[in-house]
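First the structure, in the form of structure tokens, and then the observations on it.
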Amino acid sequence: MRRAVALLSLLPLLPAGAAAQVLADAQGIDSRIDGRTDSGPAPSATERLARRLPAELLGYRRMGEAESLRQGSAVRYAPADGERILVSVMVYASEDSGTPEEALQRASAETEALAGTGRYRAVTAQALPPAATPALAEAAPGLRCTSFTLQPQQGRASADGLCVALQSGHLVKVRVNSLSQADAGRAGRMAAEMAEAVGQVFATAR
């Protein structure tokens with residue numbers, strides 16, 4: 001319950017479409033979270049991996065424990081300074097999710113489809129090359145990133161950054177939703193930096 005309260009407390013900071021996309025992206029197209037009780041089954045492989053993520057990462061604080069998703073697990077982060085940003089780190093079994101390219105293509109299509117919901121006038125996508133660093137190449141092989149500018153029918157635009165990579169034998173998706181600045185490039189860079197940090201955590205925790 002505390003995990004749900006923590007996430008829901010931040011979702012109102014995002015426009016309705018972006019908030020819905022945070023949930024839909026993590027839970028699958030049908031937008032359902034499978035319930036898990038304290039007396040439920042042992043943690044899945046994705047949850048065990050998600051639990052390795054620290055309480056603070058790159059200056060962002062974790063919002064509660066790992067969440068069970070329909071096909072994986074997730075950890076949410078928010079900045080300590082109160083900036084209106086939500087970072088979602090989602091871990092899926094790679095055999096169920098395809099390649100990073102395929103997963104990014106699906107997630108990008110779902111985001112761009114928000115332009116047809118009536119809440120947004122336009123959703124603009126921009127592919128971003130991964131940072132060419134040895135650490136990133138080792139920690140996040142096959143990293144693929146895209147950034148988005150979401151222009152609502154009314155109000156200010158928001159930015160999304162989305163990165164997907166294979167890490168520790170799992171497909172890891174990092175999504176940054178930002179209302180603080182409508183800077184898609186910044187959101188994409190933040191997602192890439194977080195993906196690199198996540199990959200380093202997983203690599204050293206083996």
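The values are calculated or read from the model by the stated rules, or taken from the named source; none is laboratory data. Since we're looking at a predicted model, the values are computed, not measured. Cβ sites come from the backbone with ideal geometry, for glycine too, and all protein chains shown count toward neighbours. These accessible areas exclude ligands, DNA and RNA; they are computed on the full protein's heavy atoms, side chains included. Shrake-Rupley method; radii C 1.70, N 1.55, O 1.52, S 1.80 Å.
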Exercise for the section: Taking all protein chains together and a probe of 1.4 Å, list 183, 81 from the most accessible to the least accessible. Expected result: 81, 183
Practice task
Give the accessible area for residue 62 in Å² (nearest 10); use a 1.4 Å probe, count only protein heavy atoms, and leave out ligands, DNA and RNA.
Solution key: 80
Problem - Candidate residues 108, 168: accessible-area rank, largest first, probe 1.4 Å - result: 168, 108
Exercise for the section: Obtain the nm distance between the two label points defined at residue 56 and residue 113 by a simple spin-label model: each point lies 7 Å from its Cα along the Cα-to-C-beta direction. Expected result: 4.0
